[in-house]
Amino acid sequence: MLTYLARRALGAVWALIGVTSVVFIILHLTGDPTSVMMPPEATKAEMDAFRHAQGFDRPLIVQFGTFALAAAHGDLGLSLRHQEPAMGLALERLPATAVLGGSAFLIVLLVGVPAGILSALKPRTWIDYTARGVALIGQSAPTYWIGLMLILLFAVRLGWAPASGIGDWHNVVLPAATLGFFSTAKLMRLTRAAMLEILGADYMRTARAKGLTALRVSLGHGLRNAWLPIVTQLGVELGGLLSGAIITETVFAWPGVGRLAVQAVFERDFPVVEAVVLIAATLFVLLNLAVDLLYAVIDPRIRYA
């Protein structure tokens, strides 16, 4: 186990290095951000001075070397727009994203998995058709459209929840439902498919022939063997939800990491974009490791040498 963890930790370090390197190169290939950052009335001398101060006049390989050396010490530089440490700026927005992503994940877990199980246990019934219809809409409708429809119905017409901003739990309901809708639909379909595959297995028929109740056969034997793909997808969805929902946070003016990333991209604030990407990559790496370790708990046959 320790050898496995050490190997995964080393792989995680290389993955983070690769992600930050690619993002750095892509961002700098988009051009010099001086014209965006400086006011329109700035003189050529002022723009040259800003470009030199930020190091944009150096060769790309030199800029990358400076960036890599600083990043190794946890310093991604100052935000070009806010003149604050980029990593600190991103970490300040992380709690808001964590609240939104955690709430959406709760919806995914409490709705997607049970609905998928019921759909598999009641095939070709109104429960199955309803669950499949909702899943089809959830994976077909654009997220921004879902958000706007929820705002028009529950915020504008009914006045049950605020349309935007952050505050108490009332502010979380609409953006969490919007953010979790797509993931819930995806997990619902995956759970249904995994359960249908398991329910048709030979050992399930044997369990029913022994006189076990349908509930015990379905949940005790079926769900436990269907958990591996479900847990894998849950880890992926949680990573996506916690790393910043760009569209949802923009629609609901939610001050999270995703909205910060959008603003940084439009402002060509390279250090902030790099900080957001590094945080997202780190979350995905840690969650993937947690899912891998959880496999051994779900299926005792899995061992890590």
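The numbers here are math on the coordinates, done by the rules we state, and not lab data. From a predicted model like this one, the values you see are computed outputs, not experimental measurements. Here the Cβ positions follow ideal geometry from the backbone for every residue, glycine too, while neighbour counts run over all protein chains shown.
Would you mind checking which residues have amide H under 5 Å from L78's amide H? H placed 1.01 Å from N; only 5 or more apart, or other chain.
A86
Let me know the longest stretch in the chain that avoids all trypsin sites (Lys or Arg not before Pro) found in a DSSP loop with at most 10 other C-beta atoms within 10 Å.
1-123
Could you derive backbone 3J(HN,Hα) for the stretch 227-238 from the dihedral phi with the Karplus parameters 6.51, -1.76 and 1.60 (θ = phi - 60°), listing whole Hz in sequence and x where the residue is Gly or Pro?
5, 4, x, 5, 5, 4, 5, 4, x, 5, 5, 5
Given axes a ≥ b ≥ c from the Cα gyration tensor, I'd like to know whether the stretch 113-183 is rounded (a/c under 1.5), prolate (a/b larger than b/c) or oblate.
In terms of gyration-tensor shape, prolate.
With everything on Cα atoms, drop me the angle between helix 44-54 and the longest principal axis of the chain, reported from 0 to 90° to the nearest 10.
Its long axis makes an angle of about 50 degrees.
Rank A135, A68, A275 by mean-square fluctuation in a GNM of the chain with C-alpha springs under 10 angstrom and give only the top-ranked residue.
For the chain, modelled as a Gaussian network with Cα springs under 10 Å, the answer is A68.
Given N residues in the chain, what is its alpha carbon radius of gyration divided by 2.2 N^0.38 Å?
Computed over Cα atoms of the chain, the ratio equals 1.23.
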